[in-house]
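**Q** If you scroll down you'll find the structure; I have some questions about it.
The values are calculated or read from the model by the stated rules, or taken from the named source; none is laboratory data. Only a predicted model underlies this, so the values are computations on that prediction, with no experimental measurement involved. Every residue, glycine as well, gets a Cβ built from its backbone with ideal geometry; the counts of neighbours run over all protein chains shown. These area figures cover heavy atoms from the full protein model, side chains too; ligands, DNA and RNA do not enter into them. Shrake-Rupley method; radii C 1.70, N 1.55, O 1.52, S 1.80 Å.
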Amino acid sequence: MKELSSGFRRFADDQAGATAIEYGLIAALVAVGAIVALTAFGGSLSGMFNTVSTKAGTALNNAGN
C-alpha cells in the first residue's frame with residue numbers, strides 16, 4: 001500500500017505532462033488564429049498577389065523591347 005501511495009504522489013507531482021499540454025494548447029490557438037486571419041484576408045491577399053504578378057509580368061515583357 002505504501003508503494004501505491006508513493007507512486008501516486010510522484011505522478012501527482014510530475015509537471016512534464018502539464019507543460020506539454022500547455023504548449024499543445026498554445027500551438028492550437030496560434031493555428032486557429034492563423035486560419036481565421038487567412039480566411040478573413042484571403043480574398044484581398046489573392047487580389048493583391050494577382051495585381052503584383054500582372055504588373056511584374058508587364059514590366060518584364062516591356063524590358064525585353
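**Q** If I ask for residues that are open to solvent by 90 Å² or more (accessible area, probe 1.4 Å) and in a helix (DSSP H, G or I), which ones from the range 55-65 would you list?
**A** If the condition is that a residue be open to solvent by 90 Å² or more (accessible area, probe 1.4 Å) and in a helix (DSSP H, G or I), then 55, 60, 61, 62 are the ones that fit.
**Q** Ok, one more. What are the residue pairs meeting all of these: first residue in the range 30-43, first residue loosely packed, with under 10 Cβ neighbours inside 10 Å, second residue not aliphatic (A, V, I, L, M), Cβ atoms under 9 Å, and 6 or more apart or on different chains?
**A** none
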